[in-house]
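This report concerns only the one structure given below.
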Amino acid sequence: MKHNIKLGITITLLTLLFIGVLSFKTILPYQSELIVEAKDLFPEVPEQEPSSIDPVKEFDMKLEEAHIIEDLEIPIVNDENAKIAYLTFDDGPSIKVTPYILDILKEQNIQATFFVIGSLAEKHPDMLLRMQEEGHLISNHTYTHDYKAIYSTPQSLINELRKTDEMLEGILGDQYKSKIIRFPGGSFGEKLKPHRQAVKEAGYFSVDWNVLTGDAEGKNVSVERQLDRIKETLESKKRAVILMHDSSNKETTIEALPEIIQHLNSQGYVFKTLTDYVF
């Protein structure tokens, strides 16, 4: 009886062992397949080279670059709202006045426009060369300033302008290229309409004035009077083309000029030559 029981237990154990081995062999292929599929779903990512730049330092560098770019941005100066004063001097050059006018302008670091009379300029080439060297604009005010001769015909005016151009080119060389001129007495009035047209056709640009000091109203107009006249005529003009004179009988203009400049500065004007004038 005992023998039969032992035999039964042995057979049972062997049966269980056989079933276990069979089950393991059946499951194993599926486990291997799942592992392969997992590799396919999550492919191995190659290891990257470590960055030579610290991320924090890299961020700081980008900030620094932004500041550098910002520093390189050059602000655009817009002159549309600027108040500009064009100092202009007619009827020179003269020994008594012109050198002193130039001294004041140099001291103030201001460039002006000189409308020179050809016959006088021819006698004082040294003054023209100084004007040119110090950055002033030299422009044409006819050769004789003789109203009767100049305005007899439009062609007479053109002839005087061309004669003065030739003389100025002879003294100043290729640097003299100004085509800006001023009519003696101004280009105003219906009678001078043909002359204005002739000047335009000849390639010149005529500039009159819209502000004056009144130094042409007498031989030596007082400083006080000149200051009053410029204040009266200046008003609040954005572009002030100011008429003055450097002929030999205008010595009070020398005295008035520093105060005129001071007043213009106080009103917020910057100074330019007519080279920058918009025609």
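The values are calculated or read from the model by the stated rules, or taken from the named source; none is laboratory data. Since this is a predicted model, take the numbers as computed values, not measurements. Using ideal geometry, Cβ is built from the backbone for each residue, glycine included, and neighbour counts are taken over all protein chains shown.
At a glance:
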{"read-out": "Identity of the residue in region 223-279, of a type in the set (Phe, Trp, Tyr) and buried (at least 17 other Cβ atoms within 10 Å of the Cβ), that ends up nearest to Ala82 (Cα to Cα)", "value": "Tyr269"}
{"read-out": "Single match in Leu227, Leu192, Leu243, Leu172 (criterion: modelled with pLDDT of 95 or more, part of a helix (DSSP H, G or I) and in contact with a Leu (Cβ under 8 Å, 6 or more places away or on another chain))", "value": "Leu172"}
{"read-out": "Candidate set: region 105-133, residues that are assigned to a loop (DSSP other than H, G, I, E, B) and in contact with a His (Cβ under 8 Å, 6 or more places away or on another chain); chosen: the one nearest to Glu160 (Cα to Cα)", "value": "Ile117"}
{"read-out": "Members of region 101-157 found to be small (Gly, Ala, Ser) and either touching a strand residue (DSSP E or B) at 6+ places or on another chain (Cβ under 8 Å) or surrounded by 14 or more Cβ atoms within 10 Å (Cβ to Cβ) (or both), listed by number", "value": "Ala112, Gly118, Ser119, Ala121, Gly135, Ser139, Ala149, Ser156"}
{"read-out": "Single match in Lys231, Lys238, Lys177, Lys272 (criterion: of a type outside the set (Val, Ile, Thr) and closer than 24 Å to His145 by Cα)", "value": "Lys177"}
{"read-out": "Region 94-134, residues that are under 19 Å from Lys177 (Cβ atoms) and in contact (Cβ under 8 Å) with a residue 60 or more places away in the chain", "value": "Gln111, Ala112, Thr113, Phe114, Phe115"}
{"read-out": "Residue list for region 134-159, filter: farther than 22 Å from Tyr277 by Cβ and part of a helix (DSSP H, G or I)", "value": "Tyr147, Lys148, Ala149, Ile150, Pro154, Gln155, Ser156, Asn159"}
